[in-house]
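Taking it in order: structure first as structure tokens, then the write-up.
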Amino acid sequence: MRAGYSSANCFWLITKSGVSEKDLNKVKETQKNDLEVSLKENAYWTNELTNDIVNKSKIEIGIKDFEQIKKLTSKEIQKAARKFFGQNYARLVLLPEKQDMAQ
């Protein structure tokens, strides 16, 4: 994404045209690095075991997660962006409280 765009503009652009190859590669690299750190620090396994116990599912090995990261496409990101940031959204703006001049 180009510098100077607001988050709302970035989400809108993604819903319309997906992400660039450069941005997609950045996302994949970040996910891969996060997964590698998680595997080394056992956070991955804690999460897997917890999910498998709660969902009563079979324990999967982290290799599958690396394969999913490799398969990620701009179209999939665009589809998710349309689902979560489509027509139904709210724009909220926090304004500073007015200061009491007597203080």
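Annotations for the structure displayed:
- Residue-wise HN-Hα couplings along the range 79-84, as the Karplus relation 6.51 cos²θ - 1.76 cosθ + 1.60 with θ = phi - 60° gives them from phi, are 4, 5, 4, 5, 5, 8 Hz; Gly and Pro carry x.
- Derived scalar couplings ³J(HN,Hα) [the range 30-45; Karplus, 6.51 cos²θ - 1.76 cosθ + 1.60; whole Hz; x for Gly, Pro]: 5, 5, 4, 4, 4, 5, 4, 5, 4, 5, 5, 9, 6, 5, 4, 5
- Amide proton proximity set for V19, modelled H, under 5 Å, gap of 5+: Q78
- In plain terms, the chain from L95 to T50 could stretch by 12.2 nm, reckoned as 0.36 nm per residue minus the Cα-Cα distance.
- Distance between the pseudo-spin-label points of E67 and K79 (7 Å out from Cα toward the beta carbon): 1.8 nm.
- From phi via Karplus (6.51, -1.76, 1.60), per-residue ³J(HN,Hα) for the range 20-26 in Hz, x at Gly/Pro: 6, 4, 4, 5, 4, 5, 5
- For the range 7-85, size of Cβ-based charge dipole, Lys and Arg +1, Asp and Glu -1, in debye: 460 debye
- Only lysines eight or more places from K79 in sequence, or on another chain, were considered; those with a Cα closer than 26 Å are K16, K22, K26, K28, K32, K64, K70, K71.
- Computed over the range 7-85: relative contact order in percent, which uses C-alpha pairs under 8 Å that are six or more apart: 57 percent
- With the largest listed first and rounded to whole Å, the semi-axes of the equivalent ellipsoid of the range 7-85 from the Cα gyration tensor are 28, 15, 11.
Values quoted throughout were computed directly from the atomic coordinates according to the rules given, and no laboratory measurement underlies them. This one's a predicted model, so the numbers in the text were calculated from it and none came from an experiment. All Cβ positions, even for glycine, are placed from backbone atoms using ideal geometry, and neighbour counts span all protein chains on display.
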